[in-house]
1. Every residue in the stretch 109-124 that is buried (at least 24 other Cβ atoms within 10 Å of the Cβ) and either away from ligand 2 (no atom under 16 Å from the Cβ) or modelled with pLDDT of 90 or more (or both), please.
2. Kindly provide the set of residues from the stretch 74-105 that are part of a loop (DSSP other than H, G, I, E, B) and of a type in the set (A, V, I, L, M), ordered by number.
3. Do you know which of the residues in the stretch 36-51 that are within 23 Å of the chain's Cα centre (by Cα) and aliphatic (A, V, I, L, M) is surrounded by the fewest Cβ atoms within 10 Å (Cβ to Cβ)?
4. What number of residues in the stretch 125-160 are of a type outside the set (Val, Ile, Thr) and within 10 Å of ligand 2 (Cβ to nearest atom)?
5. Looking only at the stretch 144-160, which residues are of a type in the set (D, E, K, R) and either surrounded by fewer than 21 Cβ atoms within 10 Å (Cβ to Cβ) or outside the structural domain of ILE101 (by TED's automatic domain parsing) (or both)?
6. Every residue in the stretch 148-162 that is in contact with a His (Cβ under 8 Å, 6 or more places away or on another chain) and either under 9 Å from PHE182 (Cα atoms) or in a loop (DSSP other than H, G, I, E, B) (or both), please.
7. Any residue at all in the stretch 282-300 that's in the same structural domain as ASN398 (by TED's automatic domain parsing), over 24 Å from ILE448 (Cβ atoms) and either crowded, with 20+ Cβ neighbours inside 10 Å or among the acidic types (Asp, Glu) (or both)?
Amino acid sequence: MATEQVTSSSSKTGGSPRASKGITTSSTAEYFSKNLQQVGFSSQTKAVLTTLKEAVDNALDACEEHGILPEIEVFVEKAGAGSLKNSDQIRIRVEDNGPGIEPDDVPKVFGEYLASSKFGRGRCSRGQQGIGISAATTWAQLTSATGAKIQTKTVRMRKAFGATVEVDIKHNRGVLKEKTTFDWDREHGTSVEFLIDGRVQLNGEAGLLSYLNGTALVNPHLKLHYKLPELERHTVDRVTNSIPEVPEATEPHPHTMKLGEFIAHSHLFGRVKVKDWLKRGFSRVNEGTFKDLVKNGVKASFLEKSVDAANETEFKELFMSMQNTTLMAPSTKSVLSIGEDALSKSIKRLGDVDFFAVVSRKPTICDFKPVQVEVAIARLEDKSIDSDAPIQVLRFANRVPLQFDKSACAIVQAITSVNWRSYGIAQPRESLPQGPYILAVSVVSPFIKFKNASKETIDASDELVEEIRRTLIQAGQKLSKHIKKESKANELEEKLRHIEQFGPVLVEGLCRITDASKERKKRAEEGLRKLLGRDAQATEEELQKAHDHLEAQMAREAAASGGDEGFEVPVDSDAESEEEAPASRAKAKVKPAASSKKKSKK
Ligand SMILES: Nc1ncnc2c1ncn2[C@@H]1O[C@H](COP(=O)(O)OP(=O)(O)OP(=O)(O)O)[C@@H](O)[C@H]1O
Ligand SMILES: [Mg+2]
């Protein structure tokens, strides 16, 4: 169970404040309770979004870890006036069908900072830090004096467990209150409810709808129900039943670390030989690496020493030698992609779209970290969208929407660096392109480097920006092909219309000059119509004949067998959406006139 793997580093930073020669230490919880703005609680609207986001991201992670198709119910309501100036009291509840949490782990999960099952796992999980949900509990406690209300059940438990969790800020630990057990109509799952001060924003930067719709877009396997203030309850169905396969985790690559991280990493291993720590704790380190390290000046005896007993100078020497040792690039196997298929199905839910293209690049290495970039571009049919307005950009990191600090983000920097004009889209110099387009860019990596602890912006390293740029260029090329085809078709239509307009005048004139009979003139007009492909009547007549023939045959067969079954043939598949195709194909009856008209229009 995920919950059994919950580890805590609070022993290092927790404990009651101690006084030693006038220097005091404070607990991790104390630090975060004073700096909640660093983890997404810097405004009232952000507080609501962050609380919802932390709970939904956790639910998705938990389901994914356990191979469960997620079904999540989100409920947000205004419960009254808040205690902060100009704030409302907001109730936020998120219920999932995930694995549930063992009662012993409930206080750690919701009331203790740096308690997580995801530390250093090398997986593309949404959560990484063990901070998110405890920060939400702290905000609830600080603003409305209530903790997080939890209900949870694992398959192992006969009854569900309920409690209110509060953060003991002085000691960085969770405290349980109002414990109960009860019968629950589900085998496993978790419901978490917060009462916080804040303000609800539906759209835009801190928009709850923007977050939920974005989450549904890049999690095509999610079934989501939500009830938000001033809106009816809404369900977003999943478009695929395949649960993302969580790839094997990879250990960090030594070349991706800074000295401090390198030393801190060793603390996770306790009393093992330096050699064993390096081999087990990192990817791409093997016996050959040790030979190279010794060649680079590391003492062979040091590699046999316990890592626990190594001092800072020794770590530094080892670290420097490691940086100078050639290692294989990290493996890209640990990257979890959304996939072109799923993204294609998902993007059609964004509105009435008349064109879309999806590009899923192969995983690659950027800054020594495995990473995969996927891009979807869609053109909206909505004619009310101002063609001078910047396109709508949706950014995602490990399948979580990013909603703030756009301009500093690697994704936006890559978008503005592409010359979209060459693909047929308007673009002011070094700005976002313009028009009725949605551009969704997803970056997935087990080691995403964010600019801040609130995970709002992806750090714009040159290598990553270049990789995103290449993916965008591929998507741009697909779009440009379509736009070219479209303008060719428009040109052709324009020419046909001209001929249509002047053709009869020409026929009239020619017939007059050649003194042709009425019959000859009629044939010339018909020939011209056929040439232009506008003669629907002939095709319709032929199709009607075929249809009558079929019906007559069916009637003969039915009479012979005494049965009365209908005859079914596929309809024009162009008219169907991909998802609807199988069902409508099975049931559709032939409609000769309608389908021939459609063909004749083309
Ligand atoms: N709904 C849930 N179902 C099952 N386990 C959960 C659920 N929510 C949280 N957990 C467990 O609690 C742990 C702590 O969650 P928390 O959000 O604090 O940290 P995180 O998700 O690991 O990292 P981050 O701070 O980046 O979000 C998770 O690692 C997970 O094991
Ligand atoms: Mg989390």
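1. VAL109, PHE110, GLY111, GLU112, TYR113
2. LEU84, ILE101
3. VAL39
4. 10
5. Listed by number, the residues that qualify are LYS149, ARG156, ARG158, LYS159.
6. THR154, VAL155
7. no
Conditions tested, residue by residue: (1) buried (at least 22 other Cβ atoms within 10 Å of the Cβ); (2) under 20 Å from the mean Cα position of the chain (by Cα); (3) among the small types (Gly, Ala, Ser); (4) more than 13 Å from GLY476 (Cα to Cα).
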position: PHE404; (1), (2), (3), (4): no, yes, no, yes
position: ALA410; (1), (2), (3), (4): yes, yes, yes, yes
position: SER417; (1), (2), (3), (4): no, no, yes, no
position: TRP420; (1), (2), (3), (4): yes, no, no, no
position: GLY424; (1), (2), (3), (4): no, no, yes, no
position: GLU430; (1), (2), (3), (4): no, no, no, yes
position: GLN434; (1), (2), (3), (4): no, no, no, yes
position: ILE438; (1), (2), (3), (4): no, yes, no, no
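The values are calculated or read from the model by the stated rules, or taken from the named source; none is laboratory data. In this text the structure is predicted, and so the values were computed from the model without any measurement. Reconstructed Cβ throughout: ideal geometry from the backbone, glycine too, with neighbour counts over all protein chains shown.
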